[in-house]
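Take a look at the structure below.
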Amino acid sequence: MTGDAAGPVALAIDLDAIAANWRLLSRKHAGPVAAVVKADAYGLGAAKVAPHLHAAGCRHFFVAHPSEALALRPLLPTVMLAVLNGLWPGVEDELAAHGIAPVLGSLDEIDRWSATAAHVGHALPALLHVDTGMNRLGLSLPEIDALAAEPDRLGGIALLYVMTHLVSAEFPDDPENQRQRLRFDAACARLPIAPRSIANSAGIFLGPDFALDLARPGAALYGINPMPGQPNPMAPVVRLRARILQARDVQQGETVGYNGQWIAPRASRIATVSVGYADGYLRSLTNRATAYFDGRPVPLVGRVSMDLSTFDVTDAPGAQPGAWLDLIGPHHDVDAVAREAGTNGYEILTSLGARYARTYQAA
Ligand SMILES: *Cc1c(COP(=O)(O)O)cnc(C)c1O
């Protein structure tokens, strides 16, 4: 969808703020800093975000699916482009042809990538994923032993990084971080020597023990606080605004929206905007979200419906049809909306709707 500033909803994405966040993380982390641009760069638009980060100096990119890597490859022809979710059977030749690096997380994946290298006649890039506690993807300790006993299984594979993923990086006091760190050391000691990668956004803030070669931030690039409970060091990236379609007066005791989930405690003025759960403005925000009008909070009242939401603007007299409400913005960031919805900022961003007119700010 093209940007339509005249429309009823505006989603502004600050590409320069994303680049500034990448630079901040690059100052914080001694080694190279990648960009995780899976899920369409957390809903913000990978085709815009990734080239902007490349221009800022980023040379390592991660996606989750092969299709995401293939779509990005023409925009990022020379960088490391890695597929976190591994090597799905049948995609080997296409990934090889485009120099895309799968993150290999099982012996079967290793064997198929090694066979593909033999078949194409040159070495193929890959990362190895070691599981240290997440128990989703990655080589288990017995698999690492099997690999250590038969190192030829990595034949033809140009090993770029060995990586693992932290379970609770955003909780620095969780002892699991250190346990994973030690398990990773033990695993790496049995594998061929290669650069290592452990830190996601929050991991970058865990201190020097976690400052291994390549950092893999996603969330913090997009403005999510990598240190919950502390001041957010990241620049805000997303601003979601909606214009009031109608404003109406309701009497004390009248209800607003489906199933009468809000009953006016006093004579009230209700503003309706063109944003609902079909746009990723989650239904769990019912009676909980806050928007801002002219710097002043206005509470969401009643059920969030598919295409509409309603706010109590009784105390905001200027909130007339055509006026803008800030749903995500300077007064109320992604993490704040996430708290109201009972989720995390990742889900708020990756749910941002396809109907929003996205506009991109870059100098
Ligand atoms: C999504 C993901 C990341 C990025 O994590 P953030 O918390 O968004 O920084 C890094 N590594 C892996 C394996 C991931 O799946």
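The values are calculated or read from the model by the stated rules, or taken from the named source; none is laboratory data. What you see is a predicted model, and the numbers here were worked out from it, not measured in a lab. We place every Cβ from the backbone using ideal geometry, glycine too, and count neighbours over all the protein chains shown.
Cβ-Cβ under 7 Å, sequence separation 6+ or interchain: first residue in region 207-226 and at pLDDT 95 or above, partner within 7 Å of the ligand (Cβ to nearest atom) and of a type in the set (A, V, I, L, M). Which pairs?
Partner pairs satisfying both residue conditions: Arg216/Val36; Pro217/Val36; Gly218/Val36; Pro226/Ala202; Pro226/Ala219; Pro226/Ala220.
Among the residues of region 112-130, write down those that are more than 13 Å from the ligand (Cβ to nearest atom) and under 25 Å from the mean Cα position of the chain (by Cα). Spell out the reasoning first.
Restricting attention to region 112-130, the residues satisfying the condition of being more than 13 Å from the ligand (Cβ to nearest atom) are 112-126.
Once the filter is applied, which keeps residues that are more than 13 Å from the ligand (Cβ to nearest atom) and under 25 Å from the mean Cα position of the chain (by Cα), region 112-130 yields Pro125, Ala126.
Does region 183-202 contain any residue that is out of contact with any Gly (no Cβ under 8 Å at 6 or more places or on another chain) and over 29 Å from Asp145 (Cα atoms)?
Scanning region 183-202, I find at least one residue that is out of contact with any Gly (no Cβ under 8 Å at 6 or more places or on another chain) and over 29 Å from Asp145 (Cα atoms), so the answer is yes.
Taking the options Ala115, Ala146, Ala169, Ala158, name whichever one is more than 20 Å from Asp209 (Cα to Cα), outside any helix (DSSP H, G or I) and in contact with a helix residue (DSSP H, G or I) (Cβ under 9 Å, 6 or more places away or on another chain). Spell out the reasoning first.
Working: Ala115 fails: outside any helix (DSSP H, G or I); Ala146 fails: outside any helix (DSSP H, G or I); Ala169 fails: more than 20 Å from Asp209 (Cα to Cα).
Of Ala115, Ala146, Ala169, Ala158, the one residue that is more than 20 Å from Asp209 (Cα to Cα), outside any helix (DSSP H, G or I) and in contact with a helix residue (DSSP H, G or I) (Cβ under 9 Å, 6 or more places away or on another chain) is Ala158.
Quick one: count up the residues across region 300-319 that are touching a strand residue (DSSP E or B) at 6+ places or on another chain (Cβ under 6 Å) and surrounded by fewer than 15 Cβ atoms within 10 Å (Cβ to Cβ).
Taking region 300-319 as the starting set, the residues that turn out to be touching a strand residue (DSSP E or B) at 6+ places or on another chain (Cβ under 6 Å) are 300-302, 308-314, 316, 319.
Next, from what is left, pick out any that are surrounded by fewer than 15 Cβ atoms within 10 Å (Cβ to Cβ): none.
So the count comes out to 0.
Hey, could you check region 146-162 for residues that are of a type in the set (A, V, I, L, M) and touching a Lys or Arg at 6+ places or on another chain (Cβ under 7 Å) and say which is surrounded by the most Cβ atoms within 10 Å (Cβ to Cβ)? I'd like the intermediate steps shown before the answer.
Narrowing region 146-162 to residues of a type in the set (A, V, I, L, M): 146-149, 154, 157-160, 162.
Of the ones still in play, those that are also touching a Lys or Arg at 6+ places or on another chain (Cβ under 7 Å) are 147-148, 162.
Values: Leu147: 20, Ala148: 13, Val162: 24.
Selected residue: Val162.
Any residue that is acidic (Asp, Glu), within 13 Å of the ligand (Cβ to nearest atom), within 20 Å of His65 (Cα to Cα) and crowded, with 16+ Cβ neighbours inside 10 Å - is there at least one of those in region 131-145? Explain how you work it out, then say what you get.
Residues of region 131-145 that are acidic (Asp, Glu), as a first pass: 131, 143, 145.
Cutting the leftovers down to within 13 Å of the ligand (Cβ to nearest atom) gives us 131.
Filter once more, so that each one left must be within 20 Å of His65 (Cα to Cα): 131.
If we keep only those that are crowded, with 16+ Cβ neighbours inside 10 Å too, we end up with 131.
Within region 131-145, one or more residues are acidic (Asp, Glu), within 13 Å of the ligand (Cβ to nearest atom), within 20 Å of His65 (Cα to Cα) and crowded, with 16+ Cβ neighbours inside 10 Å.
I'm checking my understanding of the structure. Among residues of region 264-299 that are polar (S, T, N, Q) and within 13 Å of Ala341 (Cα to Cα), which one is surrounded by the fewest Cβ atoms within 10 Å (Cβ to Cβ)?
Just the residues of region 264-299 that are polar (S, T, N, Q), to begin with: 268, 272, 274, 284, 286-287, 290.
Narrowing the set further to residues that are within 13 Å of Ala341 (Cα to Cα) leaves 284, 286-287, 290.
Numbers: Ser284: 13, Thr286: 22, Asn287: 16, Thr290: 18.
So the residue we want is Ser284.
Looking at (1) farther than 18 Å from Ala10 by Cα; (2) in contact (Cβ under 8 Å) with a residue 60 or more places away in the chain; (3) hydroxyl-bearing (Ser, Thr, Tyr), can you tell me which one Tyr281 breaks?
Failing condition for Tyr281: (1).
Condition check ((1) free of Cβ contacts under 8 Å to residues at least 12 places away in the same chain; (2) under 14 Å from Leu349 (Cβ atoms); (3) part of a loop (DSSP other than H, G, I, E, B); (4) out of contact with any helix residue (DSSP H, G or I) (no Cβ under 6 Å at 6 or more places or on another chain)) across all residues:
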site	(1), (2), (3), (4)
Arg27	yes, no, no, yes
Gly31	no, no, yes, yes
Val49	no, yes, no, no
Leu53	no, no, no, no
Phe62	no, no, no, yes
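Picking from Ala149, Ala189, which residue would you name as being under 22 Å from Trp113 (Cβ atoms) and more than 16 Å from the ligand (Cβ to nearest atom)? Show your work before the answer.
Numbers: Ala189 fails: under 22 Å from Trp113 (Cβ atoms).
Within the list Ala149, Ala189, the selection yields Ala149.
Taking region 202-218 only, how many residues are near the ligand (Cβ under 9 Å from one of its atoms) and in a helix (DSSP H, G or I)?
So the first thing to find is which residues in region 202-218 are near the ligand (Cβ under 9 Å from one of its atoms), and the list is 202-204, 215-218.
Imposing the further condition that a residue be in a helix (DSSP H, G or I) reduces the set to 202-204.
Of the residues in region 202-218, 3 are near the ligand (Cβ under 9 Å from one of its atoms) and in a helix (DSSP H, G or I).
Only one residue in Val120, Val91 is at pLDDT 95 or above, among the β-branched types (Val, Ile, Thr) and surrounded by 15 or more Cβ atoms within 10 Å (Cβ to Cβ). Which one?
Numbers: Val120 fails: surrounded by 15 or more Cβ atoms within 10 Å (Cβ to Cβ).
Exactly one residue qualifies, and that residue is Val91.
Every residue, every condition in (1) away from the ligand (no atom under 16 Å from the Cβ); (2) out of contact with any helix residue (DSSP H, G or I) (no Cβ under 7 Å at 6 or more places or on another chain); (3) within 23 Å of Leu327 (Cβ to Cβ), yes or no:
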| site | (1), (2), (3) |
| --- | --- |
| Ala220 | no, no, yes |
| Val250 | yes, yes, yes |
| Glu254 | yes, yes, no |
| Ser268 | yes, yes, yes |
| Val273 | yes, yes, yes |
| Ala278 | yes, yes, yes |
| Tyr281 | yes, yes, yes |
| Ser284 | yes, no, yes |
| Asn287 | yes, yes, yes |
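For region 96-111, check the following and say yes or no: at least one residue is more than 14 Å from the ligand (Cβ to nearest atom), in a loop (DSSP other than H, G, I, E, B) and among the hydrophobic types (A, V, I, L, M, F, W, C).
So in region 96-111, the residues more than 14 Å from the ligand (Cβ to nearest atom) come out as 96-100, 106-111.
Add one more test, that the residue is in a loop (DSSP other than H, G, I, E, B), and what stays is 98-100, 106.
Those still in the list that are among the hydrophobic types (A, V, I, L, M, F, W, C) too: 100.
Yes; the residues of region 96-111 include at least one that is more than 14 Å from the ligand (Cβ to nearest atom), in a loop (DSSP other than H, G, I, E, B) and among the hydrophobic types (A, V, I, L, M, F, W, C).
Looking for whichever is away from the ligand (no atom under 16 Å from the Cβ), modelled with pLDDT under 95 and surrounded by fewer than 18 Cβ atoms within 10 Å (Cβ to Cβ) here; the options are Pro8, Pro77. Which one fits?
Being away from the ligand (no atom under 16 Å from the Cβ), modelled with pLDDT under 95 and surrounded by fewer than 18 Cβ atoms within 10 Å (Cβ to Cβ) holds for just one of Pro8, Pro77, which is Pro8.
Residue under question is Pro172, and the condition is that it be closer than 26 Å to Glu92 by Cα and within 16 Å of the ligand (Cβ to nearest atom); does it hold? Before you say what the answer is, go through the steps one by one.
Numbers: closer than 26 Å to Glu92 by Cα: no; within 16 Å of the ligand (Cβ to nearest atom): yes.
So Pro172 fails the test.
Output the residues belonging to region 237-248 that are away from the ligand (no atom under 16 Å from the Cβ) and buried (at least 17 other Cβ atoms within 10 Å of the Cβ). Spell out the reasoning first.
Pass one, region 237-248, residues away from the ligand (no atom under 16 Å from the Cβ): 239-248.
Answer for region 237-248, where residues must be away from the ligand (no atom under 16 Å from the Cβ) and buried (at least 17 other Cβ atoms within 10 Å of the Cβ): Arg239, Leu240, Arg241, Ala242, Arg243, Ile244, Ala247.
Does region 226-236 contain any residue that is crowded, with 21+ Cβ neighbours inside 10 Å and within 13 Å of the ligand (Cβ to nearest atom)? Don't jump to the end; show me each part of the working.
First, pick out the residues of region 226-236 that are crowded, with 21+ Cβ neighbours inside 10 Å: 226, 234.
Narrowing further to those that are within 13 Å of the ligand (Cβ to nearest atom): 226, 234.
Scanning region 226-236, I find at least one residue that is crowded, with 21+ Cβ neighbours inside 10 Å and within 13 Å of the ligand (Cβ to nearest atom), so the answer is yes.
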